[in-house]
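What follows is one structure encoded as structure tokens, with my remarks underneath.
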Amino acid sequence: MTNSVVPEPLVLSQGSFLDISTPEFLKICADSGMAASVWDIPVHRDGADVVLKAAEDLGVELFSMCRLGYFTEEDPDEARWRSNLAVLDTAARLGIGTIVVVVGAVTTTFAEAGSRIRAGLERILSHAQERGVRLAIEPFHPMMAAERSSVCRLAQATALAQEFASEWLGIALDVYHVWWDPNLAESVRAAGPHVMAVDLSDWLVPTTNLLRGRGRPGDGVIDLPGFVRLVDSTGYTGRWQVEVLSDEPREGSDLDYALDLRERTSRLLTNAR
């Protein structure tokens, strides 16, 4: 067996708690013993200085931030470019080392989207390096190709990482988006050296919401133990995040929910090995 010790702390995504403020989310992270992956929109809403003070007061590590990108959009007045730079600045201000990149949807053709993505990455990568922030491309499930990401397979993200060959550009590997791929084992092995973070959740049947229809680990049909072992086989020793984007009714408090996610994820990582 490899990687028998679960890297601690686990990382909790703010995407599971978008109905509360960022300081409230960080309190849940502190009380559940997890680091935080914050989202750019609520951080901007609550204020970077407020978020930084809350994290410092609570002793919560800010591991990653979601998101920047959308390189495939038309941007005649460079509003998206300025927004991406602002996200980089905020991450640097908060001491966050990794930002998830959502590359943008297919607006014309996949070929055109690919050209725009490469141009966008080439333009922003030096700015990320100057700020000491790594960029992690997240491949999305194909059902989101027309709305969020034209990078729909892990192999596409790996090809971009290999093309740029920079320690500042890698991959955010989210099982929810890649589990369906018949070539997943081969793709994960190829992506291994470039993976900066791994996200866990589950695929429910039926899936009632394309964006916020995820299940807690163990509630769906993904072979999560097999996925964990596959990632381990690449030599990955980085952090594991739990990101359950869901509007399901919850019993108990937000802290109860976070503790359940932690327990499920820890049990999964331990038992899979």
Exercise. Listed highest first by mean packing, meaning other Cβ atoms within 10 Å per residue, what order do 250-260, 92-102, 119-129, 186-196 come in?
Worked result: 92-102, 186-196, 119-129, 250-260
Problem set entry | Whole-Å distance, taken between Cα centres, linking the range 18-80 and the range 185-261 | 20
For this session: Output the Kirkwood hydrodynamic radius of the range 1-154, Cα pairs only, in Å rounded to one decimal.
Result: 16.4
Exercise. On the accessible surface of the chain, probed at 1.4 Å, how many percent belong to carbon and sulfur atoms?
Worked result: 52
For this session: Provide the per-residue ³J(HN,Hα) series for the range 152-158, in order, calculated from phi with Karplus coefficients 6.51, -1.76, 1.60 and θ = phi - 60°, each as a whole number of Hz, with x at glycine and proline positions.
Result: 10, 10, 4, 4, 5, 5, 5
Exercise. Sorted by accessible area (1.4 Å probe), largest first, how do Lys53, Lys27 line up?
Worked result: Lys53, Lys27
For this session: At 25 °C and 0.890 mPa s, grab the translational diffusion coefficient of the range 65-122 from Stokes-Einstein with a Kirkwood Rh over Cα pairs, rounded to a whole number in µm² per second.
Result: 206
Seminar exercise, completed: In terms of the charge dipole of the range 1-123, which places +1 on Lys and Arg and -1 on Asp and Glu at the beta carbon, the residue among Val103, Pro42, Phe63 farthest towards the positive end is Val103
Exercise. Could you give the length gained on full extension between Trp81 and Val221, defined as 0.36 nm per residue of separation minus the Cα-Cα distance, in nm?
Worked result: 46.5 nm
Problem set entry | Separation in nanometres of the label points that stand 7 Å from Cα toward Cβ, at Trp180 and Ser233 | 2.3
Problem set entry | Two-decimal ratio, the range 92-243, of alpha-carbon radius of gyration to 2.2 N^0.38 Å | 1.02
Seminar exercise, completed: The base-10 log of I(q)/I(0) that the Debye equation returns for the chain at q = 0.12 Å⁻¹, one scatterer per C-alpha, is -0.70
Exercise. For Gly215, which sequence-distant residues (separation of 5 or more, or a different chain) have an amide H within less than 5 Å of its own amide H, given hydrogens modelled in the peptide plane?
Worked result: Asp202, Trp203, Leu204
Exercise. What is the sum of charges around Ile28, taking Lys and Arg as +1, Asp and Glu as -1, for the other residues whose C-beta is under 11 Å from the C-beta of Ile28?
Worked result: -2
Seminar exercise, completed: Leu255 and Glu56 label points (each 7 Å along its Cα→Cβ direction) are spaced in nm at 2.5
For this session: For the range 157-273, build the convex hull from the C-alpha positions and give me its volume per residue in Å³.
Result: 115
Exercise. Under 20 Å from the 7 Å Cα→Cβ point of Glu130, by amide nitrogen: which residues of the range 147-167?
Worked result: 166-167
For this session: Please calculate how many Å² of accessible area the chain carries per residue, with a 1.4 Å probe and no DNA, RNA or ligand atoms counted.
Result: 43
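The values are calculated or read from the model by the stated rules, or taken from the named source; none is laboratory data. These figures come from a predicted structure and were not determined experimentally. Ideal geometry is used to build each Cβ from the backbone, glycine not excepted, and the neighbour counts take in all protein chains shown. Accessible surface is based on the protein model in full, side chains and every heavy atom, while ligands, DNA and RNA are left aside. Shrake-Rupley method; radii C 1.70, N 1.55, O 1.52, S 1.80 Å.
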